[in-house]
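A.B. asks: Below: one structure in structure tokens.
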Amino acid sequence: MLDPQVRWLLRTAWEALESAGIAPLSTPAATGVFVGASYQHYKDYNLAPELDAPSGLGNHNAFLANRVSYFLDLSGPSMTIDTLCSSSLVALHTAVRSIRSGECDQAIVAGVRLAMSPLHYTAMRNLRALSPTGASRAFDAGADGFVPGEGVVTVVVKPLVDAVRDGDRVRGVIRGSAVNHGGRTSGLTVPSSAAQRRVIVAALRDAGVGVEGFGMVEAHGTGTSLGDPIEVEGLTRAWRGFTSRTQFCAIGSLKSNIGHLEPAAGLAGLVKVLLSLEHQVVPPTLHVVRPNDHIRFEDTPFFVADQPVPWPRVAGAPRRAAVSAFGMGGVNAHVIVEEAPLPATREPLPQQSHLVKVSAATEAAVRRLAAAYADSFAAAPDDRATADLCHTANVGRSSLDYQTAVSGPTGQALAEQLRAVADGRVPVARVDCHRPADPLPADPAQRHAVVVDQVRQGRADVDWAALSVPGSRIVALPTYPFDQGRYWHTRPAATVTGPAPVTTVELPPEHTPPVDPGPADGGHSGNPASMPAPEALVIRWRPADPPPGASAYGVTVRVVVADWDLSGAVSAALAARGADLAPDGVNPRALVVVDAVPGSADTAPDLRGFWGQLRSYAATVPPQGRMVWVAHRSATVDEADRALLDPEAAARAFAVRAAAAENRFTVAVLDLDPADPVEIRARQIAAEFAALRPGADTVVAYRGGVRYVPTPSAARPGPPADLTGDGYHLVTGGLGAVGRRLVTHLVTRGARRVGIVGRSPVDGAAEDFLRGLRPEAEVDYQRCDVADPAALTAAAASFARRWGRLRGIVHCSGGVNQFGSLRRRQWPEAARVTAPKVAGSRNVIRLARTEGADHVALVSSIAGALPDAGRGLVDYALANAYQLALAGQAGDDGPTVTAHAWPNWSGIGMAADESFSAGHSITLDQALAGFDAYLLTGGAVVFPGSAVPQPTTVSAPPPQAAHRAASTAHPEPAPAAPLPADSAVGDAAPAGPPSDGDPGGAYRLVRDAFVDVLGEDPGDLPLRDLGLDSLVIADLTSAIERLSGTTVDPSLVMRSRTMADLAARLTDRAEPPAPASGTDPVIRAAGAVPSAPGPGDPVPTASLSALLRPLLATGQQPRH
């Protein structure tokens, strides 16, 4: 867990260094880091109150600067400075003083402000600091406070002579600065005009300049009736010691444009000054209608810049500006800024070949960066500008793990080559630090071709500086294309509002699906009737533009199509786009697979053959490769498609997307109209294939030549459901954790007869649960496999003889396999997961139609709607996607069938993978409110969830359900994601060292396992830098076990520094000592093991995350 302010500081520090032309990983160690920041809302309001290292202490504001220093390995001063609204300008002043005194050679200076608590706004409102009219009106008669803003600003500061010597990109010069405090005034937050005058005079004296050359003052200007006149008075009194002129200098406040960034406001003002100097215009201050009545600007040196003010260069007279920032507690800062010196003129450069490298942390980032570079090179006006861009990219950027290079005679030619990189037509190599580049050829004409070839081979340590054209400069060039991700976390709630006592239960994390019922207690949380329904989405299709015309040049592709005519047309269309068709025996980089046109939708699904094909495809497509899956009748673009929808085709298409997410290849899923001619469909396939970009998850449908894309839209709640009256309700899997909640909820809502079916036998806890409900309703249980239609019909008939008509069905039955790789999961294992959700869902809907039921609710998971949720659980994603499509297929002539794609129910049922549930969770009360609101909606309804506090807070049952609460005394634990029986913790030691103790043989075995799982040899790279998540660790463990024939502790992979270290540990058979008590500590941490699984159920055991969790206690935390 990391404060978002830290993430932004790390990112902008990197970007600022690149912008200056300093390769971030080569930043001199004697660099200081000075950060202005005030608030730590993320820590205070979103993390647990315990001051532990991973959360509380690690997110303290003091670490903001320290993390930047640590990340870049800097040894200069490192401090976070908090003087409230003047923090970042004080940080700049401190950095300048540190450089002057020799404490550091240069400095990274930043200010950051992210507002992550509503309480802050409440406090500021109570101080009457915020504008009730919603606008910052600095210097206006209607000034009534400021509007908060959010942002981060980072600059690099170094001595001017050093920056010029190093060829850095200089944006401006800090001539002088000063800081003081206002002393005692009429109130702690009341500013002092005299103190402001003194700090301004001190800054001017520090700069050694007068005020005649000033064209702009960026004032503190918060837009308050008290502060603005005091500030102008202080400025005027300070300047009157240097001039008697009036209204010659523009004054303004950026707060009217972007809001008040509080601790970051000073540096934001500095950036405004620098941009004004570069663009030679002072931008307007907004919302000035009539100047403040208490400010007589005609008697001051200033005029309000309420419109753009030209600010041209003047030969021999450098332009200057001033920036003020005043803290609420009285700390004042003032900085004098001067324009950068003009660089010397250069002679035109004769036309010559140019060379540019593109380097990033991943292949996908290399291709994104190449696309950004292409635009800059295309706009280069001449060869000198092109040479500057090449010099900036080659010398001013760090060499990272992946790289490529291109060459060409002009900027336009380089732009075309860079676009080819972005389109995937130029190879990108992983850098091999053991293969340094050869010395540059003596013949300059050969250098670029040789370097391009060696870079594309992954060779390291090219002498890029030697390739720069003499006299080249650092210029503007796009900075690193950082990945975008969501990492929100919230603090556990202390209580849940309600009439009942509250108990907080710490629940162990498990690597299992987001929602699928497992045995647990039947407690009820709060009152869902008072809870608003959570966000719910449905998928609508909208017309979209055709894909951009793109080339597939150089991509080796294999076409898999059963229809001979379509196969030939697709191959021809791909070849016309420049793709190379892979001959037999050649491994392709891409696949195009056209699924067969479905037959009758009434035919029972047979997914066995598809599962084998999907495993084969996942093994064929390399990481960062691409795949296009073409389906028919897998999407309902409009109402006419509903009758033709084939849920099996839809499930297959989604499983391909989940497999792509798991195996890290790019995918496009197309749904084509089988009525369209073969040639049209072939052109549509080729166009989408050529348009694919690394990392994409494209979903497209074509109808009548029109291209459609899916768009999430807000779902409309269905009509209220009346659960009272005659008849009975059927709940499958009703003794699972989610099932028990829903059974209890049905009874609470008025259902008086509930039949429950499931495969598990009734134990004592289940009997207690049923007995607790019987005073309020008739409830009975029968063992039954819902995948068996005859057994389900018989169970329903038994209930009907006692209770009459079937009113509705809630289908909760489901199961889950080990969290692991698709490529290693055989169909018999996957079939155990698909049976209750595929055959079982078909059976309950058929039963509802036969018995005239009103509704069917399929308890599904967003693992069937979000591909990332299916990583490591592709069979589960396949099963849930089938359920969602099946609900979408149901017509209006029978029961209302709704599939609810649930996120993780916090603390209930089988817990989700922590990394997934962090952003996709829902509380019990929210879930029950959503169940009520969307029970009769019909179709597939997706609940995306959000970050939900952990541990889960569960309300005790109401008094009238005292018997029901008895089940919580001995709750059946939810089934955890199982591991193979031979990898149980604590019992089995390895049969022997791999390769009979031969270190070389062990290393080769480990290397083969990494190549098998990752697709490449990581060499001596630190394993912590490979981004190994729990799924990859499970795959590596499995591969090592398969290759060595021994049992391997997964924690060895986490503890090892490199492959060689892992091989040595395996050779030494390093094993952790057994617990003295004889009790497995990992099992104890993860919760008790469920007993008596039903027939065909996976064997439950401790999850992989539980196996790895003890490593946190030893400090072996992975870096991300």
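A.B. asks: If Gly894 satisfies all but one of (1) modelled with pLDDT under 95; (2) in contact with a strand residue (DSSP E or B) (Cβ under 7 Å, 6 or more places away or on another chain), what's the number of the condition it fails?
C.D. replies: (2)
A.B. asks: Next question, about the same structure. Quick one: is Phe931 modelled with pLDDT of 95 or more, not in a loop (DSSP other than H, G, I, E, B) and not charged (D, E, K, R)?
C.D. replies: Values: modelled with pLDDT of 95 or more: yes; not in a loop (DSSP other than H, G, I, E, B): yes; not charged (D, E, K, R): yes.
Criteria met by Phe931.
A.B. asks: Next question, about the same structure. Could you please find all residues in region 589-605 being more than 18 Å from Val630 (Cα to Cα) and crowded, with 17+ Cβ neighbours inside 10 Å?
C.D. replies: Passing the criteria: only Pro605.
A.B. asks: For region 566-577, does any single residue satisfy the condition of being outside any helix (DSSP H, G or I), crowded, with 17+ Cβ neighbours inside 10 Å and in contact (Cβ under 8 Å) with a residue 12 or more places away in the chain?
C.D. replies: yes
A.B. asks: Can you tell me which of Ala737, Ala682 is touching a Ser or Thr at 6+ places or on another chain (Cβ under 9 Å) and of a type outside the set (Lys, Arg)?
C.D. replies: Ala682
A.B. asks: Determine which member of the set Ala138, Ala129, Ala95, Ala143 is over 19 Å from Leu270 (Cα atoms), crowded, with 23+ Cβ neighbours inside 10 Å and in contact with a Gly (Cβ under 7 Å, 6 or more places away or on another chain).
C.D. replies: Result of the check over Ala138, Ala129, Ala95, Ala143: Ala143.
A.B. asks: If you don't mind, another one. In this structure, is Val323 surrounded by 24 or more Cβ atoms within 10 Å (Cβ to Cβ) and more than 30 Å from Ala405 (Cα to Cα)?
C.D. replies: yes
A.B. asks: Here is a check on your reading of the model: is Ala787 in a helix (DSSP H, G or I), among the small types (Gly, Ala, Ser) and either within 40 Å of the chain's Cα centre (by Cα) or within 25 Å of Lys837 (Cα to Cα) (or both)?
C.D. replies: When the stated conditions are applied, Ala787 does not pass them.
A.B. asks: If you take the residues in region 709-745 that are buried (at least 20 other Cβ atoms within 10 Å of the Cβ) and in a strand (DSSP E or B), which one is nearest to the chain's Cα centre (by Cα)?
C.D. replies: Only one residue tops the list, namely Gly736.
A.B. asks: Identify, by number, the condition in (1) crowded, with 22+ Cβ neighbours inside 10 Å; (2) small (Gly, Ala, Ser); (3) more than 19 Å from Leu267 (Cα to Cα) that Ala202 doesn't meet.
C.D. replies: With respect to (1) crowded, with 22+ Cβ neighbours inside 10 Å; (2) small (Gly, Ala, Ser); (3) more than 19 Å from Leu267 (Cα to Cα), Ala202 is out only on (1).
A.B. asks: Which ones in region 824-861 are among the hydroxyl-bearing types (Ser, Thr, Tyr), under 21 Å from Gly872 (Cβ atoms) and either part of a loop (DSSP other than H, G, I, E, B) or touching a strand residue (DSSP E or B) at 6+ places or on another chain (Cβ under 7 Å) (or both)?
C.D. replies: Matches in region 824-861: Ser860, Ser861.
A.B. asks: OK, next. Go through region 119-178 residue by residue and tally those that are part of a loop (DSSP other than H, G, I, E, B), out of contact with any helix residue (DSSP H, G or I) (no Cβ under 6 Å at 6 or more places or on another chain) and hydroxyl-bearing (Ser, Thr, Tyr).
C.D. replies: 2
A.B. asks: Looking for something part of a loop (DSSP other than H, G, I, E, B), farther than 28 Å from Thr154 by Cα and not polar (S, T, N, Q) - is there at least one such residue anywhere in region 250-268?
C.D. replies: no
A.B. asks: Evaluate the following for Val314: is it out of contact with any helix residue (DSSP H, G or I) (no Cβ under 9 Å at 6 or more places or on another chain), among the β-branched types (Val, Ile, Thr) and over 30 Å from Ser192 (Cα atoms)?
C.D. replies: The answer is yes for Val314.
A.B. asks: What's the number of the only condition in (1) in contact with a helix residue (DSSP H, G or I) (Cβ under 9 Å, 6 or more places away or on another chain); (2) of a type in the set (Lys, Arg); (3) part of a helix (DSSP H, G or I) that Arg205 fails to meet?
C.D. replies: Unmet condition: (1).
A.B. asks: Checking the conditions here, which among Arg397, Arg425, Arg447 is modelled with pLDDT of 95 or more and either in a loop (DSSP other than H, G, I, E, B) or more than 17 Å from Ala372 (Cα to Cα) (or both)? Explain how you work it out, then say what you get.
C.D. replies: Values: Arg425 fails: modelled with pLDDT of 95 or more; Arg447 fails: modelled with pLDDT of 95 or more.
Unique residue meeting the criteria: Arg397.
A.B. asks: Could you grab me the full set of residues in region 411-464 that are under 26 Å from Pro622 (Cβ atoms), free of Cβ contacts under 8 Å to residues at least 40 places away in the same chain and of a type in the set (Gly, Ala, Ser)?
C.D. replies: Selection gives Ala429, Ala437.
A.B. asks: Kindly state which helices (runs of 4 or more DSSP H) lie completely within region 579-690 and contain at least 2 residues that are modelled with pLDDT under 90 and touching a helix residue (DSSP H, G or I) at 6+ places or on another chain (Cβ under 8 Å).
C.D. replies: 647-663
A.B. asks: For region 275-313, which residues satisfy the criterion of being in a helix (DSSP H, G or I), buried (at least 18 other Cβ atoms within 10 Å of the Cβ) and in contact with a Phe, Trp or Tyr (Cβ under 7 Å, 6 or more places away or on another chain)?
C.D. replies: Ser276
A.B. asks: Still on this model: Restricting to region 433-456, name every residue that is surrounded by fewer than 14 Cβ atoms within 10 Å (Cβ to Cβ) and of a type outside the set (A, V, I, L, M, F, W, C).
C.D. replies: Of everything in region 433-456, those that are surrounded by fewer than 14 Cβ atoms within 10 Å (Cβ to Cβ) and of a type outside the set (A, V, I, L, M, F, W, C) turn out to be His434, Pro436, Asp438, Pro439, Pro441, Asp443, Pro444, Gln446, Asp453.
A.B. asks: Is there a residue being more than 23 Å from Arg313 (Cβ to Cβ), polar (S, T, N, Q) and assigned to a loop (DSSP other than H, G, I, E, B) anywhere in region 354-369?
C.D. replies: Going through region 354-369, the residues more than 23 Å from Arg313 (Cβ to Cβ) turn out to be 354-369.
Cutting the leftovers down to polar (S, T, N, Q) gives us 359, 362.
So of that shortlist, the ones also assigned to a loop (DSSP other than H, G, I, E, B) come out as 362.
Within region 354-369 (the criterion being more than 23 Å from Arg313 (Cβ to Cβ), polar (S, T, N, Q) and assigned to a loop (DSSP other than H, G, I, E, B)), the answer is yes, since at least one residue qualifies.
A.B. asks: Another question about this same structure. Residues that are part of a helix (DSSP H, G or I), touching a Pro at 6+ places or on another chain (Cβ under 8 Å) and either of a type outside the set (Val, Ile, Thr) or farther than 21 Å from Ala604 by Cβ (or both): does region 799-820 have at least one?
C.D. replies: no
The values are calculated or read from the model by the stated rules, or taken from the named source; none is laboratory data. Given the structure is predicted, the values throughout are model-derived calculations rather than measurements. Cβ coordinates were reconstructed from backbone atoms using ideal geometry, including for glycine residues, and neighbour counts include every protein chain displayed.
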